[in-house]
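Once you've had a glance at the structure underneath, I'll fire off some questions.
The values are calculated or read from the model by the stated rules, or taken from the named source; none is laboratory data. Bear in mind the structure is a predicted one, so any value in this text is a computation, not a measurement. Note that each Cβ is placed from the backbone with ideal geometry, even for glycine, and that neighbours are counted across all protein chains shown. We work out accessible area using only protein heavy atoms, side chains counted, and drop any ligands, DNA or RNA first. Shrake-Rupley method; radii C 1.70, N 1.55, O 1.52, S 1.80 Å.
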Amino acid sequence: MPEFCDVALPVPLDMVFTYRVPADATPVVGGRVLVPFRQQRLTGIVVDLHDRKPSVTIKPILSVLDVAPVLDDQLLRLGRWIADYYLAPLGEVFRTMLPLNAEFKRSTAYRITAEGRMALHLAGTKGSSARSRRTPDEQDAEVRVLDYLSAQQEVAGDAAQVREETLRSSTRVSKLILTAMVRKKWLAREDVSAVRDASRTVKIALLKSADGKLNDNQRNVIETLVASGGRVPVDVLQGLEVPRTTLSTLVKRGSIEVIEEPAAFAVSRSKPRAARLEFDFNPAQQAALKRVRDAVERRRFSGILLHGVTGSGKTAVYLAGMRAVLDAGPSAILLVPEIGLTPAVAADLHQIFGDEVAILHSALSDKERAQQWHRIKSGEARMVVGTRSAVFAPVADLALIIVDEEHDSSYKQEETPRYHARDIAVMRAKMANAAVVLGSATPSLESYFNAKKNKYALVELPDRVEQRPLPEVEIIDMRQEFQETGQEQVISRKLAAEIKERFERKEQVMVLLNRRGYSPVVLCRTCGKTLECQNCAIAMTHHKREHKMVCHYCGYTAPVPKACIHCGSEYVYFLGTGSEKLEELLHGMFPQARIARLDRDTVRGHEDFERTLNALSDGQLDLLVGTQMIAKGHDIHGVTLVGVVGADSALGMPDFRAAERTFQLLTQVAGRAGRGQSLGKVVLQTYFQDHYAVQHAAHHDFAGFYDKELRFRSWMHYPPYSALANVLVRSNKLDEALRWSGTLGKWFEQTRHEGVRVLGPATAPIMRLKSDYRYHFVLKSPSREKLNATLRAMLAYAAQLKIPRTQVIVDVDALWLM
């Protein structure tokens, strides 16, 4: 066994760390190890084993966590490519690739020091200077901690340690007090993080005997067990209206036995739709499926852009392609952009493929994600569906990756590593000699441009299935609406009439307003100032139901103001409309209608999402109002009308992709109408009716929009004609952010960067976010190699200046420049 190993750790440093391998340890490349790092313990991935002795003192690894690699050679190579392409620390890339947090419990322990024992001894001394500088509450808390730890030390010896959670619950102190005591050297703190069992279990109550005298509560529990065949999960019994002690009493009597079993995992609670492989494919679908099957059978890299209008049957092609893969023996991955889409697609896959399906997304608990990961790794599940992180699923013999709605911005991660799952899917398919299918009704300009340049094969589905027509789109000019009614309208007269007509015909309606909350702005009519978040340069949003103001960027909340916080005036007005207010307006206009709302405020987990969509599918709802969550991928045949309220507001954003995003959103939400047997219609309310994004969306004209937008991009040297990166410099101190950005700006000016154009430094459009002041540079270059070389040199210069790596954010292929 080699003497040393190089380990990639999840820290913001562009390097790996060398550790000594103990004689009794056998780490493997691609496996995890537990190592000491500064004052803590971390898990890392072994990337090399060698006998090259470093010139500095080396610490040994603490333990080996895996006897076999958790990342195979292909995934290790993919991780290195991501770190190189996106200029991200390798250890942070590997942490993102492995959803195994549940298998490592982070924990801290404390013990009393000699100085702490002295402080405890002096605690009763009157007039002590140490005592006089602290409040009575602090004194009491510190004495409780020292007294508790001293007692533990007397029992277990000088090395006695107490875990933080135990210490805080036993002494009722805050973490701040413990930290202050560590600074005073009264306590020693040590990281005692360790591996733990991450298996998911559930407690089951078994009925052993129903005999004996029972009170009413006990009889309720026993009768529930009898009615369920003598076997009920404990959490169900605890949900009964009986004291918690009732169950424990029955266990002590021997009437009930409680056992633990592995917890079952429901891939999806969504109802599967009609079997997607039973209907006949039209000629365009057959041709698309043949291209996919041929690409899979060749077992060489092949990229396909599947451009199909909304309702053209792209999902059926995906499922048939995955069925072909499963029948042949290899594995496949299907990526979807939203967690909300995952259960519906998973239900389809589970109906077709049974237990061969695994699901991966961030709404799962850590234990659930670990369980699914191990099912995939063991080969138990060969079909994987999930959001962007599912692109790293450890499938063996990968033959096909499908990226549904490939244009969607949620595939781009907005934290380190800032990867784009679509591009990772393409690169992984190249490394695996697999086929990758990018599907969308509104492909990103970059993907469509690559298809036109023959980097991908372009496959078109120009018509809806069963010859269903695309919905008619009627544009309502809200400027004219204001002139004719004399007041600002949220719902135009035309849209209101169309909704009423659909209700009379027992049809369903969707209304999109891509803005959460009740009112997005609170304005003082006296001084003209708005209520801004204390951490961000952003107006806070009024949430009426929760009766609070909320910042949608950092989550900060504040009471709803009764008077202006700046001048004290009582003339405070709540302006604008969010989805919560729109729901209230619609309830007022149609009091008999069954109306629900779908946005981040009503959806706390994937179960809420599934419940609402199932209700809409089953006809239990007449109208669904929501944000962009309702615009993507949902196949509800009863919806015949879609109303679009204010979706063109993004056109005013200082972002070169604003027109593309607006076109995509309008086209996608329009595609929810008329997917069944009845004709669909879209009523699009806009203040920019002449804008080309609105006009092309109304005419379902992707090619026309693509040609026009591409012309603007070529003039301004934006993607797809140039590679682009956004460099963000941030600090919670304004002078520091200014100094750092100014220094880097001078470096860019004084250093030759051939073929790279640098814009900035400039104040970021949102100057302050999450307490950080923000300045940025935008870099463009026709050569990706030159761009990345410039960024690497800039990061090296920033490191020389001791600018923290976490304060200089490099976003390669940035989608969000705000």
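Counting only heavy atoms of protein chains, what accessible area per residue, in Å², does the range 1-105 have with a probe of 1.4 Å? Before the final figure, lay out the partial values.
Working: 4790 Å² over 105 residues.
Normalised by residue count, the accessible surface of the range 1-105 is 46 Å².
Then there is this: Once you have the Cα-Cα distance between R792 and E190, take 0.36 nm times their residue separation minus that, and quote the gain in nm to one decimal.
Length gained, R792 through E190: 213.1 nm.
Whole-Hz ³J(HN,Hα) for each residue in the range 765-770, computed from phi via Karplus 6.51 cos²θ - 1.76 cosθ + 1.60 with θ = phi - 60°, x for glycine and proline: what do you get?
Once θ is set to phi - 60°, the couplings for the range 765-770 become x, 9, 5, 10, 9, 6 Hz.
Further question: Report the Cα centroid-to-centroid distance between the range 147-166 and the range 692-725 in angstrom, as an integer.
Rounded to whole Å, the Cα centres lie 67 Å apart.
What's the longest piece of the chain with no exposed GluC sites (Glu not before Pro), counting a site as exposed if DSSP puts it in a loop and it has at most 14 other beta carbons within 10 Å? Intermediate results must be reported in sequence, preceding the final value.
On the way: sites that count: E3, E241, E278, E380, E414, E415, E488, E546, E570, E754.
It runs 4-240.
State the Cα centre-to-centre distance between the range 764-818 and the range 301-315 in whole Å.
35
Let me ask you something else. So, in nm, how far is label E165 from label H587 when the simple model puts each one 7 Å beyond its Cα toward the Cβ?
3.9
How many angstrom separate the Cα center of the range 206-255 from the Cα center of the range 31-98?
Here the answer is 50 Å between Cα centres.
Moving on. Name the long-range amide H neighbours of V560: under 5 Å, sequence gap of 5 or more, or other chain; modelled H, no Pro or chain starts.
M549
Pop a pseudo-label 7 angstrom from the Cα along the beta-carbon direction at both K203 and E570 and give the gap in nm to one decimal.
5.5
Still on this structure, please answer the following. Below 8 Å between Cα atoms, with a sequence gap of 6+, how large is the relative contact order for the range 672-818 in percent?
Working: 175 pairs, mean separation 39.2, N = 147.
Reported as a whole number, the value is 27 percent.
Once fully extended, how much extra length lies between K733 and N454, figured as 0.36 nm per residue of separation less the alpha-carbon to alpha-carbon distance? Show your work: numbers first, answer last.
Numbers: separation 279, 0.36 × 279 = 100.44 nm, distance 4.88 nm.
Roughly 95.6 nm would be gained on extension.
What is the ratio of the Cα radius of gyration of the range 342-423 to 2.2 N^0.38 Å, where N is its residue count, to two decimals? Mind showing how you got there, number by number?
Working: Rg = 12.7 Å, N = 82, 2.2 N^0.38 = 11.7 Å.
Working it through for the range 342-423, the quotient is 1.08.
Below 8 Å between Cα atoms, with a sequence gap of 6+, how large is the relative contact order for the range 573-651 in percent?
Values: 56 pairs, mean separation 23.8, N = 79.
RCO, the range 573-651: 30 percent.
Any idea what the relative contact order of the chain is, in percent, if you count C-alpha pairs under 8 Å spaced at least 6 apart?
Values: 1549 pairs, mean separation 79.0, N = 818.
After rounding, I find 10 percent.
Taking a threshold of 26 Å on the Cα-Cα distance, which of the pairs K506/K681; K494/K544; K290/K377; K506/K632 fall above it? Before the final figure, lay out each step's value.
Values: K506/K681 15 Å; K494/K544 28 Å; K290/K377 29 Å; K506/K632 24 Å.
Going by Cα-Cα distance, K494/K544; K290/K377 fall outside the 26 Å limit.
Volume per residue, Å³, of the convex hull around the alpha-carbon atoms of the range 1-110?
Working: hull volume 12.9 nm³, N = 110.
Per-residue hull volume (Cα only) is 117 Å³.
Let me ask something else. Across 20 Å bins from 0, what is the distribution of all Cα-Cα pair distances for the chain, in whole percents?
13, 39, 37, 11, 0
I would also like to ask the following. Expressed as cubic angstrom per residue, what is the convex hull volume of the alpha carbon set of the range 458-565? Can you show the working numbers first?
On the way: hull volume 25.5 nm³, N = 108.
In the range 458-565, the Cα convex hull volume per residue is 236 Å³.
So, one more: Given H placed on each backbone N at 1.01 Å, which residues far from A194 in sequence or on other chains put an amide H within less than 5 Å of it?
Residues meeting the criterion, in which the H sits 1.01 Å from N, are K105, S107.
So, with a 1.4 angstrom probe, what is the percent of accessible area on the chain that is carbon and sulfur? Mind dumping the intermediate values first?
Details: 18530 of 37630 Å².
Roughly 49 percent, rounded to a whole number.
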